[in-house]
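Report on one structure; see the data block that follows.
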């Protein structure tokens, strides 16, 4: 009598292919993440008066200030410029990460459209 509900002889070919594709995608995602982490992203504010450089790991690695922006009587402006440049650098990192993920998943949401 035949078994019901099982997969006689092991996994069907489609399941094997799906597993191979998932492993390949995972490896590509890991490589993409490593490449992103090795990049640097620089953003400026105040017409270039403040520059912030951030790694792909979202760590600020450099802050560059022009002399004219360092005004002891207007610390608030300097704080705002640093915040704006930092937020823009972070936005660039996240945009690159989203772009890399989109390339791997073919533009589908989640991991290849599986709803994860």
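A short reminder: the numbers here are calculations on the coordinates, not readings from a lab. Given the structure is predicted, the values throughout are model-derived calculations rather than measurements. Methodologically, a virtual Cβ is constructed for each residue, glycine included, from the backbone with ideal geometry; neighbour enumeration extends over all protein chains shown.
The table that follows gives values for the structure above.
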item	result
Relative contact order [Cα under 8 Å, 6+ residues apart], segment 31-84, whole percent	28
Sequence of 29, 19, 54 once ranked by neighbouring C-beta atoms within 10 Å, starting from the fewest	19, 29, 54
Full-extension gain in nm, residue 35 to residue 58, via 0.36 nm per residue minus C-alpha separation	6.9 nm
Percent breakdown of C-alpha pair distances by 5 Å bin, ordered from the shortest bin, for segment 9-82	3, 14, 15, 12, 10, 8, 7, 7, 6, 5, 4, 4, 3, 2, 1, 0
